[in-house]
Amino acid sequence: MNFSENVWKTIGRGTAHPSEVLNTLIELDNRKGQIGLWALENELREKMLLLRPSARPLAQAWLEATILYRTTYYPEGRLSRLFHRFSQPKQEPLPIAS
């Protein structure tokens, strides 16, 4: 089973043990590194609004755990901030105040 399937399985089940979350993130990091963590983070962000309201808190917890794990073990340097900026969806520019 791949890592995102494991994440979505726990979200669908409605529970995730903290050790299960940590073990999944460690295994993902060992196999795919920082790119795998970013991919999971982006997948969770994209699918968050598609989830039923009762599943969103657990998905948000997975997202926060992934971000905290990534920032703990991969402090952001200039290159990683640049990559992260390009991997995020485009945001509308703020209107200019007159």
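The values are calculated or read from the model by the stated rules, or taken from the named source; none is laboratory data. Just so it is clear, the model here is predicted, and its values are computed rather than measured. All Cβ positions, even for glycine, are placed from backbone atoms using ideal geometry, and neighbour counts span all protein chains on display. Surface accessibility is based on the protein's heavy atoms, side chains included, excluding ligands, DNA and RNA. Shrake-Rupley method; radii C 1.70, N 1.55, O 1.52, S 1.80 Å.
Before moving on, here are some points about what is shown:
- In Å², nearest 10: area of residue 47 left accessible to a 1.4 Å probe: 80
- Total formal charge among the other residues, if their Cβ is under 13 angstrom from that of residue 16, Lys/Arg +1 and Asp/Glu -1: 0
- Solvent-accessible area of residue 15 with every protein chain in place, 1.4 Å probe, in Å² to the nearest 10: 80
- One chain, two ends: residue 22 and residue 9. Fully extended at 0.36 nm per residue, the span grows by 3.2 nm beyond their Cα-Cα distance.
- The mean accessible area for residues of the range 14-58, using a 1.4 Å probe and ignoring ligands and nucleic acids, is 62 Å² per residue.
- Across the protein chains, with a 1.4 Å probe defining accessible surface, the residues 74, 69 rank 74, 69 from largest area downward.
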